[in-house]
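Asker: This is the structure I have questions about; it appears just below.
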Amino acid sequence: MTELTGPLQNRLLNALSKDAQQRLFPKLKRVELSRGDIVYESGQIIDYVYFPVDAIFALIYIMINGASAEIAIVGKEGLVGVAVIMGSESTPNQFIVQSRGHAYRLPAQELKKEFSNHAEMRILTLRFAQALVTQMSQTAVCNRHHAIEQQLCRWLLLSLDRLDNNHLDITQESIASILGVRREGITEAAGKLQKLGVIEYRRGHITVLDHPKLESLSCECYAVVKRETDRLEAKPLT
């Protein structure tokens, strides 16, 4: 285990008291995840929850005709499987690993027990759930009202916030599928960003060169989500 992939790199786990960490950490299992791994299928019973440290998970909605779109992403700021503390045993969506890395797996029953018996876990997980709902609703607004270039900027910024570097391994085809748009639209948008010196793109690899410029080109949706996430994380546990 390295410092970069230890459980304290997950901000939710890091925010817990020492007593809570001593209760939970022995029950965690570190798992390595590859891009494209599916941790939950739609309707699948949630047996484990995941606390990412350097992996990113995407919440995907898949329609009957096979079309799909990303609803939200989760990284080191939270957990995957929050539905289990919201009164559900399963999820109607698919969770897939978007960026390879590591996470800590915990039996869902252990999270539910901690949630029921200890207020700090209730506070932290419900704050995260609120931030996730904000991200999902803002994504819906963004996909409906903003240009593909703005959507791409938002998605890149949200992804970078959950990584410790400025590099993403992903194809334009995958981004198009994630955003629910045509690949040609992503190719054109990425080309514009590259000409502006904001990103460098090689097949399957994106490096962000100018983060402030990327923020200025994004719509307000990124700022809304980031502000809500930062606000909830900054609150004292009361």
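The values are calculated or read from the model by the stated rules, or taken from the named source; none is laboratory data. Values in this document were obtained by computation on a predicted structure and should not be read as measured data. Counting neighbours? That spans all protein chains shown, and the Cβs are built from the backbone with ideal geometry, glycine included.
Asker: Quick one: in region 63-83, of everything that is over 19 Å from Leu16 (Cα atoms) and at pLDDT 90 or above, which residue is farthest from the chain's Cα centre (by Cα)? Give the derivation first.
Answerer: Looking only at region 63-83, we keep the residues that are over 19 Å from Leu16 (Cα atoms), and these are 63-73, 83.
From the residues that got through so far, the ones that are at pLDDT 90 or above too are 72-73, 83.
Values: Ala72: 6, Ile73: 3, Ala83: 15 Å.
Among them, the one singled out is Ala83.
Asker: Among the numbered criteria (1) of a type in the set (Gly, Ala, Ser); (2) exposed (fewer than 13 other Cβ atoms within 10 Å of the Cβ); (3) under 18 Å from Lys112 (Cβ atoms), which one does Gly81 miss?
Answerer: The one condition Gly81 does not meet is (2).
Asker: Take the residues in region 184-238 that are of a type in the set (D, E, K, R) and assigned to a loop (DSSP other than H, G, I, E, B); name whichever of them is surrounded by the most Cβ atoms within 10 Å (Cβ to Cβ). Reasoning before the result, please.
Answerer: Step one: filter region 184-238 for residues of a type in the set (D, E, K, R), giving 184, 188, 192, 195, 200, 202-203, 210, 213, 215, 220, 226-228, 230-231, 233, 235.
Now narrow it down to the ones that are assigned to a loop (DSSP other than H, G, I, E, B): 203, 210, 235.
Working: Arg203: 6, Asp210: 15, Lys235: 10.
Across region 184-238, the extreme among qualifying residues is Asp210.
Asker: Restricting attention to region 97-121, report how many residues are in contact (Cβ under 8 Å) with a residue 24 or more places away in the chain and among the hydroxyl-bearing types (Ser, Thr, Tyr).
Answerer: Residues meeting the conditions: 2.
Asker: Something else now. Which members of region 134-155 meet the condition of being touching a Gly at 6+ places or on another chain (Cβ under 9 Å) and of a type in the set (Val, Ile, Thr)?
Answerer: Within region 134-155, Ile148 is the sole residue that qualifies.
Asker: Give me the strands (runs of 3 or more DSSP E) completely within region 1-92, filtered to those with at least 2 residues that are within 30 Å of Arg144 (Cβ to Cβ), ordered by residue number.
Answerer: Numbers: elements: 29-33, 38-40, 48-52, 56-62, 68-74.
Correct list: 38-40, 48-52, 56-62, 68-74.
Asker: Which residue pairs have Cβ atoms closer than 9 Å, lie 6 or more positions apart in sequence or on different chains, and pair a first residue in region 64-83 that is more than 17 Å from Asp161 (Cα to Cα) with a second residue that is assigned to a strand (DSSP E or B) and basic (Lys, Arg)?
Answerer: Listed pairs, sorted by first residue: none to list.
Asker: Pairs needed: first member in region 152-163, at pLDDT below 95; second member anywhere, among the charged types (D, E, K, R) and not in a helix (DSSP H, G or I); C-beta distance under 8 Å; at least 6 residues apart or different chains.
Answerer: From region 152-163, the pairs are Trp155/Glu70; Asp161/Glu77; Arg162/Lys76; Arg162/Glu77; Leu163/Asp54.
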